[in-house]
Amino acid sequence: MSTVIIVVIVVVIVVVGLLVVGMRTVLRRRRLQQRFGPEYDRLVGESDSKRQAETVLAGRERRVRDLEIRPLTDSARESYADRWVGIQEQFVDTPVEAVAASQVLVVAVMGERGYPAEHHDQVLADLSVEHASTLDRYRAAEKISEQAASGAASTEDLRLAMIDYRVLFDDLLGEPDDAQSGSAQTASARAVEADDTTPKNGAPQFAEIQLPAVGEPVADGLANGSVDRTEGLAK
């Protein structure tokens with residue numbers, strides 16, 4: 001075999017190898033973009049390169065695979081749904097306390113599902129693997145909770161925080177069976193129909209909160225992060 005033929009064969013092998021590697025990189029990138037959505041874009045913007053961001057996201061996937069993430073039992077799902085309805089009703093008179101209770105309830109569901117909740121940044125990283133589309137809403141709610149703790153959040157801010165906590169809450173809860181969701185939906189309907197209560201703090205009346213029943217979507221377009229956060233609660 002001549003030297004020229006050997007060189008040609010080597011070149012072809014190298015080119016094919018590069019094409020295979022390139023294709024794998026493209027497919028990996030596409031998969032990560034589809035899985036993490038806005039979280040992918042956010043992390044790329046904060047990283048030195050796409051490759052660095054993708055390495056971090058792939059590491060999150062490996063970590064979550066090693067966690068014992070589990071769905072809620074039917075009884076746990078129904079219990080949490082009923083507790084949310086109670087917090088929703090509490091918002092009418094004590095919105096600050098209701099938002100704080102919403103945050104606590106969301107963290108409780110995380111723990112029940114198997115997400116370690118000791119470190120805040122790690123919680124967000126873990127949630128991003130299966131709940132990336134709702135993560136920005138959770139961040140927004142947490143920011144308002146911090147403002148509420150210092151007295152800097154308006155009633156409208158608190159209303160939006162309830163909406164945003166609710167988005168991740170529903171996502172973590174999973175899909176309830178029709179029979180399971182009936183009692184929670186009935187209780188939710190009673191809450192939104194009550195129009196004779198007035199907040200004790202003198203804030204504008206929010207008796208008709210009008211969140212969808214637990215398990216129903218808060219608004220269309222949630223998956224792509226384009227949801228109007230003003231939807232879901234009556235102004």
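The values are calculated or read from the model by the stated rules, or taken from the named source; none is laboratory data. All figures in this text were calculated on a predicted structure; none of them were measured in a lab. Note: ideal-geometry Cβ built from the backbone for every residue, glycine included; neighbour counts use all protein chains shown.
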Open item on the list: Go through the range 34-65 and report how many residues are within 19 Å of the chain's Cα centre (by Cα), buried (at least 17 other Cβ atoms within 10 Å of the Cβ) and of a type in the set (Gly, Ala, Ser).
Closed with: 1
Open item on the list: Condition check: polar (S, T, N, Q) and buried (at least 17 other Cβ atoms within 10 Å of the Cβ). Does residue 102 satisfy that?
Closed with: yes
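Which residue is surrounded by the most Cβ atoms within 10 Å (Cβ to Cβ), if the candidates are limited to the range 119-142 and must be farther than 23 Å from residue 83 by Cα and without any contact (Cβ under 8 Å) to a residue 40 or more places away in the chain?
As a first pass, look at the range 119-142 and keep what is farther than 23 Å from residue 83 by Cα: 119-122, 124-126, 128-130, 132-133, 136.
Now restrict to residues that are without any contact (Cβ under 8 Å) to a residue 40 or more places away in the chain: 119-122, 124.
Numbers: 119: 10, 120: 9, 121: 7, 122: 14, 124: 16.
Looking at residues that are farther than 23 Å from residue 83 by Cα and without any contact (Cβ under 8 Å) to a residue 40 or more places away in the chain, I get 124.
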Open item on the list: For the condition modelled with pLDDT under 90 and out of contact with any Ser or Thr (no Cβ under 6 Å at 6 or more places or on another chain), what is the one hit in 56, 14, 64, 44?
Closed with: 14
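In the set 83, 24, which member is surrounded by 13 or more Cβ atoms within 10 Å (Cβ to Cβ), more than 13 Å from residue 130 (Cα to Cα) and without any contact (Cβ under 8 Å) to a residue 24 or more places away in the chain?
Answer to the selection: 83.
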